[in-house]
1. Looking at 292, 296, can you tell me which residue is in a loop (DSSP other than H, G, I, E, B), under 21 Å from residue 365 (Cα atoms) and among the polar types (S, T, N, Q)?
2. Conditions first: (1) within 14 Å of residue 126 (Cα to Cα); (2) surrounded by fewer than 23 Cβ atoms within 10 Å (Cβ to Cβ); (3) hydroxyl-bearing (Ser, Thr, Tyr). Residue 161 passes all but one, so which condition is the exception?
3. What are the residues in the range 75-112 that are part of a helix (DSSP H, G or I) and surrounded by fewer than 17 Cβ atoms within 10 Å (Cβ to Cβ), if any?
4. So which residues in the range 51-69 are among the small types (Gly, Ala, Ser) and either surrounded by 15 or more Cβ atoms within 10 Å (Cβ to Cβ) or modelled with pLDDT under 95 (or both)?
5. On the basis of being under 29 Å from residue 476 (Cα atoms), buried (at least 23 other Cβ atoms within 10 Å of the Cβ) and of a type in the set (Gly, Ala, Ser), does residue 72 make the cut?
6. Considering only residues that are in a loop (DSSP other than H, G, I, E, B) and more than 21 Å from residue 375 (Cβ to Cβ), which ones fall in the range 170-217?
7. Which number in (1) in contact with an Asp or Glu (Cβ under 7 Å, 6 or more places away or on another chain); (2) buried (at least 22 other Cβ atoms within 10 Å of the Cβ); (3) not hydrophobic (A, V, I, L, M, F, W, C) marks the one condition that residue 420 misses?
8. Could you check the range 47-62 and list, in sequence order, the residues that are within 18 Å of residue 461 (Cβ to Cβ) and either in a helix (DSSP H, G or I) or of a type in the set (Val, Ile, Thr) (or both)?
Amino acid sequence: MGHHFAMVGLDDRPGPPSTTTALASRHRHLSAGERIARGKAARQQVPRSAHAGLEPRVDGLDPVALLEEQAGGRIPELVPIRHGRMLASPFTFFRGAALIMAADLAATPSSGIHVQLCGDAHLANFGAFGSPERKLMFDINDFDETLPGPWEWDVKRLAASVEVAGRDLGFTAADRRASVLACAESYRTQMRASAGMSTLDAWYDHLDVEQLLDWVQAEVAAKRLGKKEAEEAAEDVARARKRDHQRLLAKRTSDVGGTPRIVADPPLIVPIEDIVGPGEPIEELMRDVIATYRETLADHHHPIEEFEYVHAARKVVGIGSVGTEALIALLVGRDERDVLFLQAKEAKASVLERFVGASEHDNHGRRVVVGQRLMQAASDIFLGWVRMEESDDPRDYYIRQLHDWKGGAEIETFRPAGATLYGRLCGVTLARAHARWGDRIAIAAYLGKRDKFDRAVADFASAYADQNERDYVAFADAVRSGRIAAVTGV
């Protein structure tokens, strides 16, 4: 499949404050008391207990048809890999079914208070990464679907993922409910804590891995967590610190005539020269791409200026993203050991757009970057965006470092106590992210001191896990019948 890369005008370069910024300032004109009143009024309109419900689907919503629709705009030869990964279990299916759940969430009650949503806040989309200050932090790490919308949607997707994962792991119903309740409670208590903070304290609030490991040790001391799980958590942190550019250089490249080149591993890694059309000036085009992306970074001197493009390849990543274009690029600095790996991921319209309205950003790469900067406590200094044309088809990308101390928990090894603790960590982290852009005071007032919302969300999570299982069966049936093509084990 040939591609023609060309640059498009930079109509999405940073400029005056956007309407998102204007929306974010709405509650600044209200006193704290007025914001509390706003939250309590919302509670009267939509009781917390109303969040327990999951309405029956209407208009013949077909989950398989939604996946087929998504496949239409993806790289055809990679779509079966996406389906094969989703087929592995109900949890992997859930991870790839953000559009299906968005359609279901659109029919659920909403308090009317919006935040910057992650849009895909499941357990596997949280993890560790290195901050610009070289601290290892724990935060949300996927923003492909980010968009302003009802804060409840992120909480419900996270809670449902705890329940779905627990079922996959064979936990009892009581253990699963305890994990979901802990997740929802931690969101509520952190949001209430954030509501009591100053504006800057709420923005700067974060969770670093030292705090995370302290939590783990406290759980061990309370005998809610075993020493083996604490050791596994420490090992996860140690692995994250080793996931850097030097490791990638050794693992993913070989020396060709004195120059490092990314090694092919088809279909997961395909060098760019095997993708673009014959005769294309690849190096010149990629340098143009990087130069254009550079303009979305800092106005002053930036480290990217000291690196030179060397090679690129297409790399299949994740589950939900498989089939969208994802490129990795190798750049070299002062010498062949001074390397930088960038990842350019195609950004399509958020799955939330059809339910909450289109993004204000014409470039979906910029949409992702803006959302990430709003929600994360600290963001990659190489985070930017670009637009490219491929065969006269404009495609938006966001760009970031490929590996920079990134790591995540091994969810498939969780035991009930570990899953409960991890659910709490994710709940706290999601609340901090929502508190930065959203009206944390109003949300905290809506949630209240008691566990009514927690119990409602736990009921919802159980009902949605049932729905997810039905969707998974329908999906598996579609694969068996030949309606959906799937390649497993890749």
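1. That would be 296, the only listed residue that is in a loop (DSSP other than H, G, I, E, B), under 21 Å from residue 365 (Cα atoms) and among the polar types (S, T, N, Q).
2. Of (1) within 14 Å of residue 126 (Cα to Cα); (2) surrounded by fewer than 23 Cβ atoms within 10 Å (Cβ to Cβ); (3) hydroxyl-bearing (Ser, Thr, Tyr), only one is false for residue 161: (2).
3. Across the range 75-112, the qualifying residues are 76, 77.
4. 52, 53, 60
5. In short, no.
6. 170, 171, 172
7. (1)
8. 48, 49, 50, 51, 52 - these are the residues of the range 47-62 that are within 18 Å of residue 461 (Cβ to Cβ) and either in a helix (DSSP H, G or I) or of a type in the set (Val, Ile, Thr) (or both).
The values are calculated or read from the model by the stated rules, or taken from the named source; none is laboratory data. Quick caveat: nothing in here was measured; it's all calculated off a predicted structure. All Cβ positions, glycine included, derive from the backbone under ideal geometry; neighbour counts span all protein chains shown.
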